[in-house]
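Down below is the structure, laid out as structure tokens.
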Amino acid sequence: MMSNVAEIVLTIDNLNLDPHSVDNTSQSITHLIKLAQAGDLTAFDQLIILYQNRVFATAWRLLGDKEDARDASQEVFLRVFKYLATFKTDKDFSAWLYRIIINACRDQVRKRGSKERMVSIDSDRDIETLDSLVSHEDLEASIIKSQEQMMVLRALKTLSEKERAAIVLRDMEGLSTSEVAEILGSSQSTVRSQICSARIKIKEFCDYLFATQNKAGKR
Amino acid sequence: MRCRKVEKMLPLYIEQDLSAQKQKEVRDHLNLCPECYGLFEEFSYTQKLVRTFQAPSVDENFFNQVSQAVRRESVQSSRRFSLIDYLRINWTIPEWFTPKTALVIPVALLIVLVSLSSWRTWTSAPYSNKESISQSHTTVHKEEAPNIISKNIELPKNVEQHSLVEPPIYHSHTNRAEKSRALTTYTTLREPLDREDSMDLPTLETAGFIEEEEPSTMISMESEEIVKSELQTTDPEVHIIWFSSKQVDLDGTPESEEVSF
């Protein structure tokens, strides 16, 4: 069994594929899932390695906080482990995983409370996290990039929970409207409406920030 | 297409979330309207920011922590006995068995049971129209007439029951106890009817006379003739006709021995 897992991981490593484009290795991933379903913890470790960045990134976009995203991601993998036996391998594993991420993040928000979420908008942790994303080779470009990232992060926090989930899955994770609708358990028209509303709010927030910065610059 | 309508569609247009027809209409409008095109560029800019919004990578310790947590969960779950897990492991749940079917099957069974129950109640209900009375007469008189009284069937409380109350039928092999029981039942049923109605029904005296007869006497009959009797009920469609073999006893009294329909 160990050799099977090793072969699969080796195949995935050799292909150097991002988990977003694992279509070619879907059979290998299905095999990994089956091994994990049979109780092979090594196979489950490989699933964690394959999906940890994707899970954490989605959780961070949904929650906007690194610590919360970390806790939620850990909870996601625990739920995957717990309910993997119920997953049918002919279904889309990514969609199933996204559904668990959405639910875990929703629970994380409720655990912390909405008040704390609003307080953390300008927290140092966010700035620190965003600073780590930009290279310091071109300082000016890095600062602009960091500001833009900060702007989007703050804009995301103005959205409702459902709008945020829809925009993260559609625009940031690059899923289709029908896939988002299936994951969120809504109709396509509802998702389209949420996406439309979210894009307008993000634009209005960015316009407001630009206007504020311009006023500050003139002074 | 007007500017106001295009403004509403722009958030979806920028990612081609509209139908092909509407995409084309908005595109045509943007080619003609500089103001709407300016708004389109603003939406495109913020959309680009959202698209390129990067998320940080997970730290190195994350995998170890998650892996250990999973192993702890594995040990704990192996210690816990879960009936659902046991069933899931030991029973093969068919492909068609989904939460939907789990709900649909009991509901369908319930509907079938209620339907069956209603049907049985309806079929065993007292006669409520002439058609059912006519059918019951036919069935009863052809098939079960000799047993009606001895079964003590609860008859409908209307005038049609006259036709159902028949005198008991005796055969040469009928024992005395059976004769007595049948006669008592017949008498009980007939008495209230005779008081109310003067229809030409077989009389109690006939049955009483038979009751007093001994099988040996009946066997010794010398002459026999077939008599046709007709009974008109309140339902004009229902006629009861029966044939009896009339035997002449020593004192010349005719006796109805056997009735057939």
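Okay, here's what the table says:
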{"quantity": "Residue pairs meeting the criteria (Cβ under 8 Å; at least 6 apart or on separate chains; first more than 8 Å from every other protein chain (Cβ to nearest Cβ) and surrounded by 16 or more Cβ atoms within 10 Å (Cβ to Cβ), in the stretch B:40-55; second in a helix (DSSP H, G or I) and among the aromatic types (F, W, Y))", "calculated": "B:F40/B:Y13"}
{"quantity": "Subset tally (residues that are buried (at least 19 other Cβ atoms within 10 Å of the Cβ), in a helix (DSSP H, G or I) and not hydroxyl-bearing (S, T, Y)) for the stretch B:10-22", "calculated": "3"}
{"quantity": "Pick from the stretch A:46-68, criterion closer than 22 Å to B:R72 by Cα and hydrophobic (A, V, I, L, M, F, W, C), ranking: surrounded by the most Cβ atoms within 10 Å (Cβ to Cβ)", "calculated": "A:V55"}
{"quantity": "Residues being in contact (Cβ under 8 Å) with a residue 24 or more places away in the chain and of a type in the set (F, W, Y) - total across the stretch B:21-39", "calculated": "0"}
{"quantity": "Selected residue [surrounded by fewer than 16 Cβ atoms within 10 Å (Cβ to Cβ) and either at pLDDT 55 or above or under 27 Å from A:I183 (Cβ atoms) (or both)] from A:A104, A:A85", "calculated": "A:A85"}
{"quantity": "Hey, A:L139 over 23 Å from B:S19 (Cα atoms), touching a residue at least 24 places away in the same chain (Cβ under 8 Å) and of a type in the set (A, V, I, L, M) or not", "calculated": "no"}
{"quantity": "For A:D71: the one exception among (1) of a type outside the set (S, T, N, Q); (2) surrounded by 21 or more Cβ atoms within 10 Å (Cβ to Cβ); (3) within 11 Å of another protein chain (Cβ to nearest Cβ); (4) under 14 Å from the mean Cα position of the chain (by Cα)", "calculated": "(2)"}
{"quantity": "One residue from B:S77, B:S82 being modelled with pLDDT under 65, at negative phi and surrounded by 10 or more Cβ atoms within 10 Å (Cβ to Cβ)", "calculated": "B:S82"}
{"quantity": "All positions within the stretch A:50-89 that are among the charged types (D, E, K, R) and not in a helix (DSSP H, G or I)", "calculated": "A:D65, A:K88"}
{"quantity": "Whichever residue in the stretch B:29-39 is part of a helix (DSSP H, G or I) and surrounded by 12 or more Cβ atoms within 10 Å (Cβ to Cβ) and, among such residues, is nearest to the other protein chains (Cβ to nearest Cβ)", "calculated": "B:L39"}
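So that you can scan it fast, the table gives a plain yes or no per residue for (1) basic (K, R); (2) under 20 Å from B:V6 (Cα atoms); (3) surrounded by fewer than 19 Cβ atoms within 10 Å (Cβ to Cβ); (4) away from chain B (no Cβ under 11 Å):
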{"residue": "A:R170", "(1), (2), (3), (4)": "yes, no, no, no"}
{"residue": "A:I183", "(1), (2), (3), (4)": "no, no, no, yes"}
{"residue": "A:T190", "(1), (2), (3), (4)": "no, yes, yes, yes"}
{"residue": "A:I195", "(1), (2), (3), (4)": "no, yes, no, no"}
{"residue": "A:I202", "(1), (2), (3), (4)": "no, yes, no, no"}
{"residue": "A:D207", "(1), (2), (3), (4)": "no, yes, yes, no"}
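The values are calculated or read from the model by the stated rules, or taken from the named source; none is laboratory data. Just so you know, these numbers come straight off a predicted model, no measurement behind them. Cβ: placed from backbone, ideal geometry, glycine included. Neighbour counts: every protein chain shown.
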